[in-house]
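The values are calculated or read from the model by the stated rules, or taken from the named source; none is laboratory data. All values derive from a computational prediction rather than experimental measurement. Glycine also receives a Cβ, built like all others from the backbone with ideal geometry; neighbour counts cover every protein chain displayed.
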Amino acid sequence: MQVATHLFGTVDVNPDTILQFPQGLLGFEENHRFQLIHEESAGSPPATFTLQSLDDPEVAFQIIDPTALGFEYEVELSDEETEALKLASLADVAVMVVLFKEEGKVGVGTRSPLLINVRERLGMQKVLPQIKPKVMLTSLSTGV
């Protein structure tokens, strides 16, 4: 099927690849169907993805795997959340965070990661009361 988008023009979407967010996303609760879109890169996986709403062509989010930024999450899911995501295995969950621009700088929505069951193509946004990221510094140019 073809879908009009604000950023990419008209794109072909395989209905089997649509992500369902039954509760929508914060501030965009009426958007339930999304498609991951990324620029093709030679030989390496994309750094970021665009999570494009299929319900509103003007709604799109840049998302990234938080481990690419040095964050690792320990997220506890309630029985209701596990059921809503139809999780059979934690290995089926991808955690992503939303990037945003604020005053010309890029920020990361660390308190509300996206949890996506990649097998069932179901997602939810989980608001965390506090975060406990494990931030690893892999390179320092000056001694501390």
- Quick one: count up the residues across region 71-130 that are in a loop (DSSP other than H, G, I, E, B) and not β-branched (Val, Ile, Thr). 25
- Could you tell me whether Ala47 is out of contact with any His (no Cβ under 6 Å at 6 or more places or on another chain), exposed (fewer than 14 other Cβ atoms within 10 Å of the Cβ), more than 21 Å from Asp12 (Cβ to Cβ) and among the small types (Gly, Ala, Ser)? yes
- Message: Every residue in region 59-83 that is under 30 Å from Thr5 (Cα atoms) and over 17 Å from the mean Cα position of the chain (by Cα), please.
- Response: none
- Query: How many residues does region 76-120 contain that are loosely packed, with under 15 Cβ neighbours inside 10 Å, charged (D, E, K, R) and modelled with pLDDT of 90 or more?
  - Reply: 7
- Which ones in region 20-35 are surrounded by 14 or more Cβ atoms within 10 Å (Cβ to Cβ), in a loop (DSSP other than H, G, I, E, B) and at negative phi? Phe21, Asn31, His32
- Message: I'd like the full set of residues that are surrounded by 14 or more Cβ atoms within 10 Å (Cβ to Cβ) and either in a strand (DSSP E or B) or without any contact (Cβ under 8 Å) to a residue 12 or more places away in the chain (or both), limited to region 1-19.
- Response: Val3, Thr5, Val11, Leu19
- Task: Count, please, the residues in region 60-97 that happen to be under 21 Å from Gly27 (Cα atoms), in contact (Cβ under 8 Å) with a residue 40 or more places away in the chain and not small (Gly, Ala, Ser).
- Result: 4
